[in-house]
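Let me begin by handing over the structure; questions about it come next.
The values are calculated or read from the model by the stated rules, or taken from the named source; none is laboratory data. Model, not experiment: these values are computed from the prediction. Using ideal geometry, Cβ is built from the backbone for each residue, glycine included, and neighbour counts are taken over all protein chains shown. All accessible areas refer to the heavy atoms of the entire protein, side chains included, with ligands and DNA or RNA removed. Shrake-Rupley method; radii C 1.70, N 1.55, O 1.52, S 1.80 Å.
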Amino acid sequence: VQVVETGGGLVEAGGSLRLSCVVSGRTFSRYHMGWFRQAPGKEREFVAAITWSGISTYGADSVKGRFTISKDNTQNTVYLQMNSLKPEDTADYYCAVNDELTIGPGRPVNYWGKGTLVTVSS
């Protein structure tokens, strides 16, 4: 299974980015997918997740209302729309994929992407 994130980059504070994550390889009947992030010197933290049926959850209060997770089952793709970005959102963003257990903080992850860097300048 390959998990590939795209869409990271440099953006000014207040700007927007949309991250994408595509899963390929072994085909499951359904995926649970999500996003984590890790800032320099900090632990990886849960950002958002979406179940195969489309139920979404969000992590830190700081992203609620600014980040939106969505997915396209036909393309095995999950998106993270990030608006009103802040310098503290700067991190490597990682896509997580499970075929049985839903994605969430502290839960095991079957497949990780290599990450995409988001840098928000002040």
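Going through segment 1-38 one residue at a time, which ones are in contact with a helix residue (DSSP H, G or I) (Cβ under 8 Å, 6 or more places away or on another chain) and hydrophobic (A, V, I, L, M, F, W, C)?
Once the filter is applied, which keeps residues that are in contact with a helix residue (DSSP H, G or I) (Cβ under 8 Å, 6 or more places away or on another chain) and hydrophobic (A, V, I, L, M, F, W, C), segment 1-38 yields 13, 22.
Output yes when any residue across segment 76-88 is among the hydroxyl-bearing types (Ser, Thr, Tyr) and closer than 15 Å to residue 45 by Cα, and no when none is. Working first, answer last.
Residues of segment 76-88 that are among the hydroxyl-bearing types (Ser, Thr, Tyr), as a first pass: 77, 79, 84.
Going one step further and asking which of them are closer than 15 Å to residue 45 by Cα, we end up with none.
No.
Then there is this: What number goes with the only condition from (1) exposed (fewer than 13 other Cβ atoms within 10 Å of the Cβ); (2) out of contact with any Leu (no Cβ under 8 Å at 6 or more places or on another chain); (3) not polar (S, T, N, Q) that residue 109 does not pass?
(1)
Inside segment 90-122, can you point out the residues that are part of a loop (DSSP other than H, G, I, E, B) and within 12 Å of the chain's Cα centre (by Cα)?
The answer is 103, 104, 113, 114, 115.
What strands (runs of 3 or more DSSP E), lying completely within segment 5-89, carry at least 3 residues that are touching a strand residue (DSSP E or B) at 6+ places or on another chain (Cβ under 6 Å) and either within 18 Å of residue 110 (Cα to Cα) or open to solvent by 70 Å² or more (accessible area, probe 1.4 Å) (or both)?
17-24, 32-38, 45-50
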